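A.B. asks: I have a structure I would like to understand better, so I am pasting it below and will then ask my questions one at a time.
The values are calculated or read from the model by the stated rules, or taken from the named source; none is laboratory data. Since this is a predicted model, take the numbers as computed values, not measurements. Cβ atoms come from the backbone with ideal geometry, glycine included; neighbour counts cover every protein chain shown.
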Amino acid sequence: MNALSTGLSRRGFVKATLSAGGGLALGFHLPALAAADGPWAGAADGAEINAWLVIAADDTVTIRVAQSDMGQGVFTSMPMIVAEELECDWQHVRAEFASANRSLREDRVYQRMGTGGSNAVRISRPYLQQAGASARERLIAAAADEWGVAPETCHASASRVVHEPSGRSKRYGELAAAAAAVELEAEPAIRKPGEYKLLGTSVPKLDVPAKVDGSAVYGIDVRVPDMVYATVAACPVWEGRLSSVDAEPARKLRGVIDVLEFEDAVVVVADSFWRAKQGLDALDPQWDLGEHADASTEAFLERFRKALDDKGVVAKENGDAYDALEGAAKVVEADYSAPYLAHLALEPVNCTVHIQEDRVDVWTGSQNPESVLSVAAEVSGRPAEQVHVHSCFLGGGFGRRSRPDFVARAVAVAARVDRPVQVIWTREEDTRTGHYRPLAAFRFRAGLDAEGTPVALVNRSSTHSILAGLRPEAVADGLDQSSLSWLADSPYAIANLSVEHHLQRTHVPVWFWRAVGATQNAFAIESFIDELALAADMCPWQFRRQLLGSRPDMIPVLDAAAEQAGWDRSLPAGRGHGIALVEGFGSICAQVADVSVSRDGKVTVNRVVTALDCGNTVNPQTIEQQVQSSIVYGLSAALWGKVEINGGRARHGNFDRHRVLKMAEAPRMETHLVLAGGDKWGGVGEPAVPPVVPAVCNAIFAATGKRIRDLPLADQDLSWS
Amino acid sequence: MITLTVNGTQHELDVEADMPLLWVLRDFLELTGTKFGCGVAQCGACTVQLDGEPIRSCVIPVAAAAGRQVTTIEGLSPDRSHPVQKAWIENDVAQCGYCQSGQIMAAAALIKAKPSPTDADIDEAMTNICRCGTYQPMRTAIKRAAELAREVS
């Protein structure tokens, strides 16, 4: 143990004091019931061992969480990773969100603060383990130094450092101040799978207690002294402009403070949200709808489909698919489409901003506090160092809250209001001006030989590029890899393959939607694989299995889903099993859906069995919850999800027309972890979204003989006799 | 002036009679545990109890609540000790948690009305939206909460 004790320095204390001020609690008061002892309070007290953790005199360990918690459990899983190495008593652990401002000032001490791509554990684990291990060794070194013994003769256990030969021990709380000043000569090694004690065990989430009594603070719950509220109406057609608005009808209403005109929107500021909304409702803004006022989903889809007549940009090629199709014994061809989808996070987007002489404070629930910070600096024209982002819990994210457009608007509003202002989008405004999962069209042509083995596949897709709007250089070759998930990387062995792509653009903004490209692609290709199984007269499970020669690691996952679901069980007329397999975000996921369809076409999803290989686990209970969450999210989309564009705008804005799954409609869900172990660490927040949709559609085919090639299911006639 | 009793405390409020109860709770009484999700009684995030009955406060004018007992998530128990809260913690139900105040208020009303709720009772009473899809553990927790409540009484 190479430790160098330098005695107590002030540095740890100074930093700890700063961090208490830089955390969530700064400059605003919590709503009435938000107890000061909660993990959301953000006022860590004690000695800061490193940027990730603070240990108080009473042994409380506060662990900073750099990722955002939108329900996926990182507020617990990230601290678990640190605590694994720290050897602290988990009962003494609390969590708080890390400061983006500090990360900016201290050379990205929190490495990365974005949350998406099911990346939190996958990317953060090594450096969080390191932070915990390093802190442990420094605590040991501090104790050894005090006792005048070799650090090697001491060990850490349950928040204490113990020197067994002399029977001495000291609590972390007693050692923290000295440990904060210890500098290690070399970083200790971190544990590997197989050596873990805490990781891999189910731990109750730290934020659940605050979420059962109303005290957890979401962006919309922030209350800053002297704060006012605002709500926004943007031009209903994207890229359109505000021509004029007579502010008077709003201004004369009680509580209305101001009516602000923007190039593309009008905003009403009032002393409460409802009064702001009353003000907005009283206005009759005149819009210049721009050049897209006649656009519609129907016309887009026609265009997307027309493109499929031609060979697209080749994303992947094996052999000669066109030649092999000519010689095939049987050719199967089908067109598919998938609609635009809104995220529909339950908490409408909102952001609170206070611009002062020398600082800008932003309170919001975002999937990326760093981008919030840079956008706020840009829009306010202030140096980034002056911007303080106070991370709140997210009332759902699903990708929506990784786009800081709402922050930009809120800062622009705040720049014209001399007080803190909370800008809240109505549900309708949130939905209609959202950024959607792309519309997509597909055409597949496959050839089978006389034995039913697929020998050729021409796989054409036509959809938006999300990256085109972010990093145009990434799609310079006409391909956006995020649009090609499970198309270009399909594991099924087909000797002659041509995966082609047509990159499309409409005026409708697109964005990452939970599990991204695989959600539309897996629906199409995993349904088409079933069509091929049918053409080959094979069971869809066995058909997939025989094509997985190059990916033997997928077979146990596929088998587990089928076997646990009782795949071979015979089901009555109108009821069927469907299977699908998708690998994404580093994890393999197979699902089997058991679906009933009434004669008049009503779909009931009875049960969904999931097998998941995410390699290793941090908090297995959270993994099961994420699988269930993914299933419910995917099913809502499959059954009812679509954003219909007509007259250039999204027609519907609220849950009456954007139906989502409720308790009575939720299937029974079973999750089986089929873990490869080793060095594999896969994500868990998204991989179970893509397969559930084709699994259900394939089950509907098994139940009714009706093949679903377009979504949502609510728009299809599923009646049978 | 409107007299409103929330969680046993009486408030005199100078607000419009047609202001929805939700916004009075959130913006005037700073009881932010009750959430805004849709504004049209579709999602249930704003569920509170009015004389013990679950209602969607985003469409109830504050005047309609005057003179009656309003209970919000903050008033369900002082210390997370209500059987539904205990069962929720025991089953680790919440994910993002945004809908949970409303779900808990609906569940608390359900187990009071039906001390041994069946699956059909739960399906009928629990119509709030959860976008995280916590329905399965929520169903388990409701049954557990009913059990805890029966033990107490």
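A.B. asks: Taking interchain pairs and intrachain pairs at least six residues apart, which have beta carbon atoms under 8 angstrom, with the first residue in region A:47-60 and on the phi > 0 side of the Ramachandran plot and the second surrounded by fewer than 24 Cβ atoms within 10 Å (Cβ to Cβ) and acidic (Asp, Glu)?
C.D. replies: Going by the 8 Å Cβ cut-off, the qualifying pairs are A:ASP59/A:ASP89.
A.B. asks: Okay, next question. Taking the residues in region B:31-46 that are small (Gly, Ala, Ser) and more than 7 Å from every other protein chain (Cβ to nearest Cβ) as candidates, determine which candidate is surrounded by the fewest Cβ atoms within 10 Å (Cβ to Cβ).
C.D. replies: B:ALA41
A.B. asks: Test A:VAL643 against the stated conditions and say whether it is in contact with a Leu (Cβ under 6 Å, 6 or more places away or on another chain) and either over 18 Å from A:ASN698 (Cβ atoms) or outside the structural domain of A:TRP567 (by TED's automatic domain parsing) (or both).
C.D. replies: Here the answer is no, as A:VAL643 does not meet what is asked.
A.B. asks: Surrounded by fewer than 19 Cβ atoms within 10 Å (Cβ to Cβ) and on the phi > 0 side of the Ramachandran plot: is that true of A:GLY255 in this structure?
C.D. replies: For A:GLY255, the condition - surrounded by fewer than 19 Cβ atoms within 10 Å (Cβ to Cβ) and on the phi > 0 side of the Ramachandran plot - is not met.
A.B. asks: Now a separate question. Within region A:156-168, is there a residue that is surrounded by 20 or more Cβ atoms within 10 Å (Cβ to Cβ), in contact (Cβ under 8 Å) with a residue 24 or more places away in the chain, part of a helix (DSSP H, G or I) and in contact with a helix residue (DSSP H, G or I) (Cβ under 8 Å, 6 or more places away or on another chain)?
C.D. replies: Looking through region A:156-168, none of the residues is surrounded by 20 or more Cβ atoms within 10 Å (Cβ to Cβ), in contact (Cβ under 8 Å) with a residue 24 or more places away in the chain, part of a helix (DSSP H, G or I) and in contact with a helix residue (DSSP H, G or I) (Cβ under 8 Å, 6 or more places away or on another chain).
A.B. asks: Go through A:ALA415, A:ALA450 for me and flag whichever is of a type in the set (A, V, I, L, M, F, W, C), over 27 Å from A:ALA650 (Cβ atoms), surrounded by fewer than 23 Cβ atoms within 10 Å (Cβ to Cβ) and not assigned by TED's automatic domain parsing to the domain that holds A:ASP310.
C.D. replies: Answer to the selection: A:ALA415.
A.B. asks: With the condition kept exactly as written, say whether any residue in region A:556-572 is part of a strand (DSSP E or B), more than 24 Å from the chain's Cα centre (by Cα), of a type in the set (D, E, K, R) and at pLDDT 95 or above.
C.D. replies: No, region A:556-572 contains no residue that is part of a strand (DSSP E or B), more than 24 Å from the chain's Cα centre (by Cα), of a type in the set (D, E, K, R) and at pLDDT 95 or above.
A.B. asks: Let me ask something else about it. Name the strands (runs of 3 or more DSSP E) wholly inside region A:42-119 in which the number of residues that are under 23 Å from A:GLY396 (Cβ atoms) and among the β-branched types (Val, Ile, Thr) is 1 or more.
C.D. replies: A:61-65
A.B. asks: Could you grab me the full set of residues in region B:4-25 that are over 14 Å from B:PRO61 (Cβ atoms) and over 21 Å from the mean Cα position of the chain (by Cα)?
C.D. replies: Once the filter is applied, which keeps residues that are over 14 Å from B:PRO61 (Cβ atoms) and over 21 Å from the mean Cα position of the chain (by Cα), region B:4-25 yields B:GLU12, B:ASP14.
A.B. asks: Within the group B:ILE73, B:ILE60, B:ILE104, B:ILE89, which residue is more than 11 Å from chain A (Cβ to nearest Cβ) and among the hydrophobic types (A, V, I, L, M, F, W, C)?
C.D. replies: Going through B:ILE73, B:ILE60, B:ILE104, B:ILE89 in turn, the sole match is B:ILE60.
A.B. asks: Something else now. Considering only residues of region B:132-153 that are closer than 30 Å to A:GLY219 by Cα and not hydrophobic (A, V, I, L, M, F, W, C), which is surrounded by the fewest Cβ atoms within 10 Å (Cβ to Cβ)?
C.D. replies: Once the filter is applied, the top-ranked residue is B:THR140.
A.B. asks: Now for a different question. Sort out which residues of region A:257-289 are in contact with a Phe, Trp or Tyr (Cβ under 8 Å, 6 or more places away or on another chain) and not in a loop (DSSP other than H, G, I, E, B), and write them in order of number.
C.D. replies: Passing the criteria: A:VAL269, A:ALA270, A:PHE273, A:TRP274, A:ARG275, A:ALA276.
Residue-by-condition table, conditions (1) surrounded by fewer than 24 Cβ atoms within 10 Å (Cβ to Cβ); (2) under 30 Å from A:ALA234 (Cβ atoms); (3) out of contact with any Asp or Glu (no Cβ under 9 Å at 6 or more places or on another chain):
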| position | (1), (2), (3) |
| --- | --- |
| A:GLN504 | yes, yes, yes |
| A:HIS507 | yes, yes, no |
| A:ARG514 | no, yes, no |
| A:GLU526 | no, no, yes |
| A:LEU547 | yes, no, yes |
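A.B. asks: Further question on the same structure: Identify, from the list A:LEU301, A:LEU373, A:LEU308, A:LEU325, the residue that is surrounded by 15 or more Cβ atoms within 10 Å (Cβ to Cβ) and not assigned by TED's automatic domain parsing to the domain that holds A:SER462.
C.D. replies: Among A:LEU301, A:LEU373, A:LEU308, A:LEU325, only A:LEU373 is surrounded by 15 or more Cβ atoms within 10 Å (Cβ to Cβ) and not assigned by TED's automatic domain parsing to the domain that holds A:SER462.
A.B. asks: Can you confirm whether region A:610-633 contains a residue that is within 24 Å of A:TRP541 (Cβ to Cβ), away from chain B (no Cβ under 11 Å) and of a type in the set (D, E, K, R)?
C.D. replies: yes
Here is a yes/no grid of residues against (1) facing chain B (nearest Cβ under 9 Å); (2) crowded, with 20+ Cβ neighbours inside 10 Å; (3) touching a strand residue (DSSP E or B) at 6+ places or on another chain (Cβ under 8 Å); (4) at negative phi:
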{"position": "A:ALA178", "(1), (2), (3), (4)": "no, yes, no, yes"}
{"position": "A:VAL182", "(1), (2), (3), (4)": "no, yes, yes, yes"}
{"position": "A:LYS192", "(1), (2), (3), (4)": "no, no, no, yes"}
{"position": "A:GLU195", "(1), (2), (3), (4)": "no, no, no, yes"}
{"position": "A:LEU199", "(1), (2), (3), (4)": "no, yes, no, yes"}
{"position": "A:VAL228", "(1), (2), (3), (4)": "no, yes, yes, yes"}
{"position": "A:ALA233", "(1), (2), (3), (4)": "no, yes, yes, yes"}
{"position": "A:PRO236", "(1), (2), (3), (4)": "no, no, yes, yes"}
{"position": "A:GLY240", "(1), (2), (3), (4)": "no, yes, yes, yes"}
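A.B. asks: Condition first: buried (at least 18 other Cβ atoms within 10 Å of the Cβ) and either assigned to a loop (DSSP other than H, G, I, E, B) or away from chain B (no Cβ under 14 Å) (or both). Now tell me which residues in region A:201-213 satisfy that.
C.D. replies: If the condition is that a residue be buried (at least 18 other Cβ atoms within 10 Å of the Cβ) and either assigned to a loop (DSSP other than H, G, I, E, B) or away from chain B (no Cβ under 14 Å) (or both), then A:VAL203, A:LYS205, A:LEU206, A:ASP207, A:VAL208, A:VAL212, A:ASP213 are the ones that fit.
A.B. asks: Would you say B:TYR98 is within 8 Å of chain A (Cβ to nearest Cβ), aromatic (Phe, Trp, Tyr) and in contact with a strand residue (DSSP E or B) (Cβ under 7 Å, 6 or more places away or on another chain)?
C.D. replies: Spelling it out, B:TYR98 is indeed within 8 Å of chain A (Cβ to nearest Cβ), aromatic (Phe, Trp, Tyr) and in contact with a strand residue (DSSP E or B) (Cβ under 7 Å, 6 or more places away or on another chain).
A.B. asks: Restricting to region A:388-398, and then to whatever is among the small types (Gly, Ala, Ser) and under 13 Å from B:ARG131 (Cα atoms), can you tell me which residue is farthest from the other protein chains (Cβ to nearest Cβ)?
C.D. replies: Top of the filtered list is A:GLY397.
A.B. asks: So, B:ILE129, is that one over 12 Å from the mean Cα position of the chain (by Cα) and buried (at least 20 other Cβ atoms within 10 Å of the Cβ) or not?
C.D. replies: Yes, satisfied.
A.B. asks: A follow-up question, please. Looking only at region B:5-30, which residues are more than 7 Å from chain A (Cβ to nearest Cβ), surrounded by 24 or more Cβ atoms within 10 Å (Cβ to Cβ) and among the hydrophobic types (A, V, I, L, M, F, W, C)?
C.D. replies: Matches in region B:5-30: B:LEU21, B:LEU22, B:VAL24, B:LEU25.
A.B. asks: Among the residues of region A:236-256, which ones are in contact (Cβ under 8 Å) with a residue 40 or more places away in the chain, among the aliphatic types (A, V, I, L, M) and in a strand (DSSP E or B)?
C.D. replies: Across region A:236-256, the qualifying residue is only A:LEU242.
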